[in-house]
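Remarks on the structure that follows.
The values are calculated or read from the model by the stated rules, or taken from the named source; none is laboratory data. All values derive from a computational prediction rather than experimental measurement. As a convention, Cβ positions derive from the backbone with ideal geometry for all residues, glycine included, and neighbour counts pool all protein chains shown. Accessible surface areas use protein heavy atoms only, side chains included; no ligands, DNA or RNA. Shrake-Rupley method; radii C 1.70, N 1.55, O 1.52, S 1.80 Å.
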Amino acid sequence: MIHSLFLVNASGDIFLEKHWKSVVSRSVCDYFFEAQERATEPENVPPVIPTPHHYLISVLRHRIYFVAVIQSEVPPLFVIEFLHRVVDTFQDYFGVCTEAAIKDNVVVVYELLEEMLDNGFPLATESNILKELIKPPTILRTMVNTITGSTNVGEQLPTGQLSVVPWRRTGVKYTNNEAYFDVVEEIDAIIDKSGSTITAEIQGVIDACVKLTGMPDLTLSFMNPRLLDDVSFHPCVRFKRWEAERILSFIPPDGNFRLLSYHVSSQNLVAIPVYVKHNITFREGSSQGRFDLTLGPKQTMGKAVESVLVSSQLPRGVLNTNLNPSQGTYTFDPVTKLLTWDVGKINPQKLPSLKGSMSLQAGASKPDENPTINIQFKIQQMAISGLKVNRLDMYGEKYKPFKGIKYMTKAGFIYINWRLLCSSSEWTLAHKNLY
């Protein structure tokens, strides 16, 4: 299935490679580099690139391209999911998944890749199993391994591998028994100049951190489960019960894991929680332009909109800006023409605004008055789709655990004033292909 894996940094250098079935020359990545040069943005590189003798399937995470080399036809999403598992495993082991962290722990990286893939096929991808096979690096363990010449590979087979529940090790014990669930939703939307939503959808996940003694059996029910569409489950979830009762029943892995992912695509269910009033004008024959932008919350159920960041790619004819933000700070890069406004938290009683003038190149034609505006934000304790957890029950153990549910909504790709060159369905398909 997967013959080789190449890790490419933001500079286009291959800083790590791993081969399983046979050694594939680095020159195969030339096709990837050509596609990278044609892409306008780093995330616009096609996820699947055919070559005369191979297929290159890649994902971009933390400014690193993970490029898998395939010699026969394989479901691309299967490979993409495995690559995301690799990134998540690195992040779980090293705290961050960066080029420096990977180079500092290169021995552990190769040991993990060797266990996660057996002769090109996925073998052990669960974090609990891998941590029993290969111990996470620590300063003390690294020093001992350097002195003794030993490795992080465990001497015994993981207990989960011998169990009917391979994602959970046996004999788990905790002094404090806790189960936390985070419902995180991202909004992707295109909004035209008049403020009408052209297309919008919600990508959601439920991440869990479960530290429970023994072998607990959990059930998680929702007040409105019919909202969920295109649901992808962790292997621990009993799918038949979900189909019949719309209840999540599962024996959880030990520690952190993603319970499910879903999306909500119905237009009437996707409400954009912020609005933008903008007026960007240029006069014919004038060397000045006017910039006026105001933000405000909308349908947030009283929750605060935080970590607001607005960016706009201004026309090439703009030389400089002289703007006055009522809140936060702004920067303008005269080379890339990127305007960034760090708003922070929106106060509904005093809406933040950014107003002022723009200096234009003398003698240039009138620039475009509709530059695209991108907005980022976070809303704590709110799921914009309206999804709510009804209750969480535990069976099989006698103790009472501490249980907690947290909600968060954040912006994914929200573009205002987008100059749409295709239909909304074509844009949605193209956007999904990025992942």
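Figures for the structure shown
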| read-out | value |
| --- | --- |
| Any chance Val264 is open to solvent by less than 50 Å² (accessible area, probe 1.4 Å) and touching a helix residue (DSSP H, G or I) at 6+ places or on another chain (Cβ under 8 Å) | yes |
| Residue ID - nearest to Gly195 (Cα to Cα), chosen from residues in segment 332-354 that are exposed (fewer than 15 other Cβ atoms within 10 Å of the Cβ) and in contact (Cβ under 8 Å) with a residue 40 or more places away in the chain | Pro348 |
| Test: residue in segment 158-178 that is of a type in the set (A, V, I, L, M, F, W, C), under 19 Å from Gly255 (Cβ atoms) and at pLDDT 85 or above | yes |
| Segment 80-129: number of residues that are within 26 Å of Leu56 (Cβ to Cβ) and not in a helix (DSSP H, G or I) | 13 |
| In segment 166-196, residue farthest from Pro401 (Cα to Cα) [restricted to those that are surrounded by 15 or more Cβ atoms within 10 Å (Cβ to Cβ) and of a type in the set (Val, Ile, Thr)] | Ile191 |
| Any hit, segment 211-228, residues being surrounded by fewer than 16 Cβ atoms within 10 Å (Cβ to Cβ), assigned to a helix (DSSP H, G or I) and aliphatic (A, V, I, L, M) | no |
| All strands (runs of 3 or more DSSP E) inside segment 316-374 with 1 or more residues being in the same structural domain as Leu293 (by the TED database) and at pLDDT below 90 | 318-325, 353-360 |
| Hits in segment 10-52 (condition: under 25 Å from Glu114 (Cβ atoms), free of Cβ contacts under 8 Å to residues at least 40 places away in the same chain and surrounded by fewer than 18 Cβ atoms within 10 Å (Cβ to Cβ)) | Asp13, Ile14, Glu17, His19, Ser22, Val23, Ser25, Arg26, Ser27 |
| Residue among Arg246, Arg241, Arg258, Arg226 that is of a type in the set (Lys, Arg), touching a Pro at 6+ places or on another chain (Cβ under 8 Å) and not assigned by the TED database to the domain that holds Gly344 | Arg246 |
| Filter result for the condition that a residue is on the phi > 0 side of the Ramachandran plot and either in a strand (DSSP E or B) or out of contact with any Leu (no Cβ under 6 Å at 6 or more places or on another chain) (or both), over Gly285, Gly296, Gly289 | Gly285 |
| Residue tally, condition surrounded by fewer than 20 Cβ atoms within 10 Å (Cβ to Cβ) and either closer than 24 Å to Gln381 by Cα or without any contact (Cβ under 8 Å) to a residue 24 or more places away in the chain (or both), over segment 286-296 | 1 |
